[in-house]
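A short worksheet on the structure shown next.
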Amino acid sequence: MEIFQYEFIKNAVITAVLINIACGIVGTFVVTKRIVFISGGISHAAFGGIGLGYFLGLDPIITAIPFSILAAFGIGFIAKKTKVGEDAAIGILWAIGMSLGIIFINLTPGYAPDLFSYLFGNILTIPFNDLIIMVVLDMIIVVVTILFYKEFKAISFDEEFSKVAGVPVDLLYFLLLGMVALSVVILIKVVGIILVIALLTIPAAICRQFTNNIKTMIFLSMSTGIILTISGLWISYILDLASGATIIMVLGLAFILSYLAKYLFLSIKKYKSSKEFCK
Amino acid sequence: MENIKSKKIQNIKYNKDKIIVRIKDLFFYYTGVPVLEDINISVWQNDFLAIIGPNGGGKTTLLKLIVGLLKPSGGIIEVFGSSIEMGRRLIGYMPQNSTFDLEFPISVFDVVIMGRYKGTMVRYSKKDVKETINTLDTVGILKLKDRHIGELSGGQLQRVLIARALARNPKLLLLDEPTSNIDTEMLQSFYELLVKLNKRMAIVFITHDVGAISVYVKNVACLNRKLYYHGSKEGSLGKLAEAYKCPVEILAHGIPHRVLGRHGK
Ligand SMILES: Nc1ncnc2c1ncn2[C@@H]1O[C@H](COP(=O)(O)OP(=O)(O)OP(=O)(O)O)[C@@H](O)[C@H]1O
Ligand SMILES: [Mg+2]
């Protein structure tokens, strides 16, 4: 029993590390480029693909990947090339994706999967296969980011100038959205839709307050994410609460605390410099 | 792949006294109403051209067309004798309104070095770093290089954007109202910098500062939907004002080049 539990926790910790490698990188660009809402849209649209997988009797991931990548490109296309508001497009795809998922699952005879687990996932019951998939995902994301770091940074900062400077902006924007879609889908299975969005945005949002450098922000977000995820897991284990929801609460609390810390830090700095000024 | 690209750029025909931007019968519509109509203008190697005109006259639009941020509704734009996508690698562009987020975690240095972008898979080299430092020094913000982009004054930010345009050592510098935030003390040295730069690159800039035109500039173009005047500035400013309702400042000042010319020297 004890060893079984140990195995449990070990996998969960490994998962926390693997997830946050992806989320630290992708989340940094999502937050600085202000496409959090797009990521939300993609992850909910992916739900349609999950439903389709059940309906066709396939592994939901296999159908969700093309589904969410299409959703990502759809949103990107609408945002870039049409005059339909980007936020409207996201809202529409968001709602349609979720509804499609539920209809597909309704249509699937017999067995009804646990929808709740797709909202909050279950980080404590990660099968070994999924760990492998996550390692592959991390490798893809790390390699793509190393190759195109300069460009991702440029288009996140200033698309217009990047275009003039010769960066293939549209291509890289879609690549970035593709990366978001891929991470979202694979992580949904592991931690659920809500936790994916939380892990993409909260650590990055915390760390952005403390650095002026994207690279630093990536590494900070990864480590913050890992620490907070594991703390959340630990608390959920002690208090016997749902792990996903507890992790999110810890992330949210950390964000508030970091905000206060930053505020305090600035006040002290101001106070000090005003004192020096008076001397 | 990258090598082929950069070779091609070097092969772009490039002589003195040559036309480097050729615009023919250009039309542009955002919506139903033309913003630019029947524009014909050329920029020469070593040109120092000021574009003036009232608010909403289409000046910014014209520059955006030249760098390919907008596509012509009609007519032809040729840059360095080739397409815009090719030719704009020799252009340094400073927009009027920056579109970026001042909260973005990036330092002044990192913004300016983006001006030296050469292509995917090409790292910034030691030379890029050196040139970036030089450029920062040239526009007088070297000591701000590690500052976060959000912690600058309006004028300092404007210099960062000028530096970013200059960093690639362009053959054509396009500046959209570079002086709108520059203090009067800096103004003169800024124009003197442009004159110096003009020895090695053509400069096109949009301005409402008619004083500068009379002192430093070689040519003037007046844009108000149509291009009303293009040519040497000599003796033309006063007439321009009457005939074409071109910029307000000229109207207000009468014959400004005489008055302001005296200030300048
Ligand atoms: N994105 C846009 N969509 C629709 N119309 C636009 C857009 N941008 C500019 N316009 C219109 O095009 C016209 C020309 O604008 P432009 O910005 O080129 O003027 P400008 O000469 O640079 O003016 P200013 O001196 O105020 O900078 C204006 O009437 C403006 O309202
Ligand atoms: Mg303008």
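Just so it is clear, none of the values below were taken in a lab; they were calculated from the coordinates. For clarity, every value in this text was computed on a predicted model and none was experimentally measured. Neighbour counts run over all protein chains shown; Cβ positions are idealised from the backbone, glycine included.
Need one number: convex hull volume per residue for chain A, Cα atoms only, in Å³. Walk me through the numbers on the way to the answer.
On the way: hull volume 44.1 nm³, N = 279.
Looking at chain A, the number lands at 158 Å³ per residue.
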For the protein assembly as shown, give the magnitude of the charge dipole about the Cα centre (Cβ charges: +1 Lys/Arg, -1 Asp/Glu; no others), in debye to the nearest 20. 2420 debye
What is the set of long-range amide H partners of B:Gly75 at a cut-off below 5 Å, with H atoms built 1.01 Å from backbone N? B:Phe27
Show me, for region B:82-89, the HN-Hα J-couplings you get by feeding each phi into the Karplus relation (A = 6.51, B = -1.76, C = 1.60, θ = phi - 60°), rounded to Hz, glycine and proline as x. 9, 5, 5, 4, 6, x, 6, 5
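Scan region B:98-142 for trypsin sites (Lys or Arg not before Pro) in coil per DSSP, keeping those whose Cβ has at most 14 other Cβ atoms within 10 Å, and list them by number.
Values: sites: B:Arg116, B:Lys118, B:Arg123, B:Lys126, B:Lys127, B:Lys130; in loops: B:Lys118, B:Arg123.
Listed in order of number, the matching sites are B:Arg123.
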Determine the relative contact order of region A:190-279: mean sequence separation of Cα pairs under 8 Å and six or more apart, normalised by residue count, in whole percent. 30 percent
Take every residue in peptide A:164-174, count the Cβ atoms of other chains within 10 Å of its Cβ, and give the average of those counts. 5
Put +1 on the Cβ of every Lys and Arg and -1 on every Asp and Glu Cβ in the protein assembly as shown; which of B:Met94, A:Leu220, A:Phe55 then has its Cα farthest towards the positive end of the dipole? B:Met94
What residues qualify as long-range amide H neighbours of B:Trp44, i.e. H under 5 Å apart, gap of 5 or more or another chain, H built at 1.01 Å from N? B:Ile20
Tell me, what is the percent relative contact order of region A:2-278, built from C-alpha pairs under 8 Å that lie six or more residues apart? 27 percent
Starting at the first residue of region A:38-44, write each ³J(HN,Hα) from the Karplus equation 6.51 cos²θ - 1.76 cosθ + 1.60 with θ = phi - 60°, in whole Hz, x for Gly and Pro. 4, 5, x, x, 4, 5, 7
Shielding by partners, peptide A:145-156 (average Cβ within 10 angstrom, other chains): 3
Positive-end residue, the protein assembly as shown charge dipole about Cα centroid, Cβ charges, pick of A:Ala88, A:Ser68, B:Val195: B:Val195
The answer for trypsin sites (Lys or Arg not before Pro) in region A:1-87 that fall in a DSSP coil and have at most 11 neighbouring Cβ atoms within 10 Å is A:Lys83
Once you've got the Cα coordinates, tell me which of A:Lys81/B:Lys196; A:Lys153/B:Lys196; A:Lys33/B:Lys226; A:Lys163/A:Lys215 are over 31 Å apart. A:Lys81/B:Lys196; A:Lys153/B:Lys196; A:Lys33/B:Lys226
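State to the nearest 20 debye the size of the charge dipole of region A:2-278 about its Cα centre, where the only charges are +1 on K and R beta carbons and -1 on D and E beta carbons.
Rounded to the nearest 20 debye, it is 1080 debye.
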In region B:148-241, trypsin sites (Lys or Arg not before Pro) in a DSSP loop with at most 15 other beta-carbon atoms within 10 Å: B:Lys199, B:Arg200
Name the residue from A:Ala181, A:Ala165, A:Ser231 whose Cα lies farthest towards the positive end of the charge dipole of region A:150-243, charges +1 on Cβ of Lys and Arg and -1 on Cβ of Asp and Glu. A:Ser231
Helix-derived [θ] at 222 nm for the protein assembly as shown: sum -39500 (n - 2.57) over DSSP H runs of at least 4, divide by residue count, nearest 500? -20500 deg cm²/dmol
Cα pair distances in the protein assembly as shown, grouped into 10 Å bins until the bin that holds the longest one, percent each: 3, 16, 22, 21, 16, 12, 6, 2, 0, 0
Under a GNM of chain A (C-alpha, springs under 10 Å), which listed residue has the highest mean-square fluctuation: A:Pro60, A:Pro109, A:Pro168? A:Pro109
Mean shadow area (nm²) of the C-alpha convex hull around region A:140-279 is 11.6 nm²
Go through region A:54-71 residue by residue and turn each phi into a ³J(HN,Hα) via Karplus (6.51, -1.76, 1.60, θ = phi - 60°); whole Hz please, and just put x for glycine and proline. 4, 4, 7, x, 10, 4, x, 4, 5, 7, 6, 4, x, 4, 6, 5, 4, 4
Across peptide A:208-219, what mean number of C-beta atoms from other chains lies inside 10 Å of a residue's C-beta? 3
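Listed here are the pairs B:Lys130/B:Lys199; A:Lys269/B:Lys126; A:Lys272/B:Lys145; B:Lys64/B:Lys199; A:Lys269/B:Lys143; B:Lys59/B:Lys218; which of them are more than 26 Å apart at the Cα? Provide the component values of the computation, followed by the final result.
Values: B:Lys130/B:Lys199 21 Å; A:Lys269/B:Lys126 36 Å; A:Lys272/B:Lys145 24 Å; B:Lys64/B:Lys199 24 Å; A:Lys269/B:Lys143 21 Å; B:Lys59/B:Lys218 18 Å.
Checking Cα-Cα distances, A:Lys269/B:Lys126 exceed 26 Å.
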10 °C / 1.306 mPa s Stokes-Einstein diffusion coefficient of region A:1-130, Kirkwood radius on C-alpha pairs, µm²/s: 97 µm²/s
